[in-house]
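S.K.: Here's a structure for you.
The values are calculated or read from the model by the stated rules, or taken from the named source; none is laboratory data. Treat the numbers as computed from the prediction; the structure is a model and nothing was measured. Note that we place each Cβ from the backbone using ideal geometry, even for glycine, and neighbour counts take in every protein chain shown.
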Amino acid sequence: MELEINVKPTAFITGITGQDGAYLSQLLLQKGYRVVGLLRRSASADVIGARLRWLGIADDVEMVDGNLTDLSSLIRILETVSPDEIYNLAAQSFVAASWQQPLLTGNVTGMGAANLLEAVRIVCPSSKYYQASSSEMFGLIQEPVQSEKTPFYPRSPYAVAKLYAHWMTTNYRESFGLHASSGILFNHESPLRGIEFVTRKVTDGVAKIKLGLAKNLSLGNLNATRDWGHARDYVKAMWLMLQQETPDDYVIATGRTTSIRDLCNIAFSHVGLNYQDFVMTSQDFFRPAEVDVLLGDASKAKQKLGWEATTSLEDMISEMVEADISRHKSKIS
């Protein structure tokens, strides 16, 4: 009688210590994957793995040294790891910083993806590849609701770099036959979102004000609107894309757009406060070129992947506010 040997599929994730990387790792571990993450050694030692620890999975993932800007390291890693699936989530992902660091953003967010695609082509062309594209690529929107067919008009160095990575993914798919898909993800948040992003800045500000640690919250353009979903929902879409027989590009969104002003109202109302008493605007937080409205049409993802967002904006913001209150309470006690 022959013994059946269950070999775990292996996933390699760049950006594993970020919000999406952490939630994706959790999902893949639950599905029985071996999860290997790219570790950039220039990262601060005290914050490496904080999100993975928050989810309780830090000891369940493997880390390998490397950098998206170093093709040789990527080739070495892919030869060693032999991944079945590759998720490129790493980027200089803070839009505001991309105007101050446009070349770094281009090298990491844009050329980094090209390096990884080239390494995949050389080492493991049969591996399935996911590219984290962004709704910021739509920028100055050409249609009121954005789908996979909407023309792009990037409005920041970050968006331009993401667009290069997006088209390189398409090019490698069509030129070399790679199973390479791009997820054009609209804004997605969670308690693991970086403090520099507006949603987390709001929920952290609400927590501080509620606990008496701050008196007000300073923001930029309150009238900008975004299509916000939960990162936990969105990483499932990434995985679903790589389970398809044919690679493709998909918009991932909730189909609901909300202004930053209304976001503030939801967050402050959760703790019984009126945002108008605490929120101020500052020109320091306005972008050189603003993206006023983003609203995604994820009907293709629903039809072909069976995916749709399951977490409401209100529930997500409540979860984030409660997490930030808990964080600050733990520092006080």
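S.K.: For F138, work out the one condition from (1) surrounded by fewer than 20 Cβ atoms within 10 Å (Cβ to Cβ); (2) closer than 14 Å to F186 by Cβ it doesn't fulfil.
M.R.: Here F138 meets the rest and fails (1).
S.K.: Among the residues of the range 208-248 satisfying the criterion of being part of a strand (DSSP E or B) and among the polar types (S, T, N, Q), which is surrounded by the fewest Cβ atoms within 10 Å (Cβ to Cβ)? Outline the logic, then answer.
M.R.: Initial filter on the range 208-248 (part of a strand (DSSP E or B)): 217-219, 225-226, 229-230.
Now drop any that are not among the polar types (S, T, N, Q), which leaves 218, 225.
Numbers: S218: 13, T225: 20.
It comes out as S218.
S.K.: Would you pick out the residues in the range 114-147 that are part of a helix (DSSP H, G or I) and within 13 Å of P247 (Cβ to Cβ)? Explain how you work it out, then say what you get.
M.R.: Step one: of the range 114-147, the residues part of a helix (DSSP H, G or I) are 114-123, 135-137.
Once the filter is applied, which keeps residues that are part of a helix (DSSP H, G or I) and within 13 Å of P247 (Cβ to Cβ), the range 114-147 yields L117, V120.
S.K.: Out of the residues in the range 213-258 that are among the small types (G, A, S) and at pLDDT 95 or above, state the one that is nearest to R327 (Cα to Cα). Step through it out loud before you land on a result.
M.R.: Initially, the range 213-258 is screened for residues among the small types (G, A, S), giving 214, 218, 220, 224, 229, 231, 237, 253, 255.
From what's left, at pLDDT 95 or above: 229, 231, 237, 253, 255.
On the way: G229: 22, A231: 20, A237: 29, A253: 29, G255: 31 Å.
Across the range 213-258, the extreme among qualifying residues is A231.
S.K.: Among residues belonging to the range 60-82 that are over 26 Å from Q30 (Cβ atoms), among the aliphatic types (A, V, I, L, M) and over 22 Å from the mean Cα position of the chain (by Cα), point out the one that is surrounded by the most Cβ atoms within 10 Å (Cβ to Cβ). Spell out the reasoning first.
M.R.: The initial filter retains those residues of the range 60-82 that are over 26 Å from Q30 (Cβ atoms), namely 65, 67-76, 79.
So of that shortlist, the ones also among the aliphatic types (A, V, I, L, M) come out as 68, 71, 74-75.
Next, from what is left, pick out any that are over 22 Å from the mean Cα position of the chain (by Cα): 71, 75.
Details: L71: 17, I75: 19.
Top of the filtered list is I75.
S.K.: Among the residues of the range 258-269, which ones are under 9 Å from V206 (Cα atoms) and in contact with an Asp or Glu (Cβ under 9 Å, 6 or more places away or on another chain)? I'd like the intermediate steps shown before the answer.
M.R.: Just the residues of the range 258-269 that are under 9 Å from V206 (Cα atoms), to begin with: 264, 267-268.
Hit for the range 258-269 is F268, nothing else.
S.K.: When you scan the range 5-56, how many residues do you find that are in a loop (DSSP other than H, G, I, E, B) and either modelled with pLDDT of 95 or more or surrounded by 16 or more Cβ atoms within 10 Å (Cβ to Cβ) (or both)?
M.R.: Here is the first cut: in the range 5-56, the residues in a loop (DSSP other than H, G, I, E, B) are 5-9, 15-18, 31-33, 40-49, 55-56.
Now restrict to residues that are either modelled with pLDDT of 95 or more or surrounded by 16 or more Cβ atoms within 10 Å (Cβ to Cβ) (or both): 9, 15-18, 31-33, 40, 48-49, 55-56.
Qualifying residue count, the range 5-56: 13.
Yes or no, residue by residue, for (1) over 28 Å from S127 (Cα atoms); (2) in contact with a Phe, Trp or Tyr (Cβ under 6 Å, 6 or more places away or on another chain); (3) in contact (Cβ under 8 Å) with a residue 12 or more places away in the chain; (4) outside any helix (DSSP H, G or I):
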| site | (1), (2), (3), (4) |
| --- | --- |
| K149 | no, no, no, yes |
| R155 | yes, no, yes, yes |
| Y164 | no, no, yes, no |
| M168 | no, no, yes, no |
| N171 | no, no, no, no |
| S175 | no, no, no, no |
| I184 | no, no, yes, yes |
| L192 | yes, no, yes, yes |
| V206 | yes, yes, yes, no |
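S.K.: So which residues in the range 90-103 are modelled with pLDDT under 85 and either closer than 11 Å to Y164 by Cβ or of a type in the set (A, V, I, L, M) (or both), if there are any at all? If you could, list the steps in order and put the result at the bottom.
M.R.: Just the residues of the range 90-103 that are modelled with pLDDT under 85, to begin with: 91-102.
Scanning the range 90-103 gives A91, V95, A96, A97.
S.K.: If you check every pair at least six apart or on different chains, which have Cβ atoms under 6 Å apart with a residue in the range 61-76 that is charged (D, E, K, R) first and a residue that is assigned to a loop (DSSP other than H, G, I, E, B) second?
M.R.: D65/R41
S.K.: Within the range 52-101, which residues are over 19 Å from A132 (Cα atoms) and hydroxyl-bearing (S, T, Y)?
M.R.: Listed by number, the residues that qualify are S72, S73, T80, S82.
S.K.: Being among the polar types (S, T, N, Q) and crowded, with 22+ Cβ neighbours inside 10 Å is the filter; apply it to the range 99-114 and report the residue that is farthest from G66 (Cα to Cα). Spell out the reasoning first.
M.R.: First pass over the range 99-114, keeping only residues among the polar types (S, T, N, Q): 100-101, 105, 107, 109.
Add one more test, that the residue is crowded, with 22+ Cβ neighbours inside 10 Å, and what stays is 105, 109.
Values: T105: 17, T109: 15 Å.
Filtering the range 99-114 for residues that are among the polar types (S, T, N, Q) and crowded, with 22+ Cβ neighbours inside 10 Å, the one farthest from G66 (Cα to Cα) comes out as T105.
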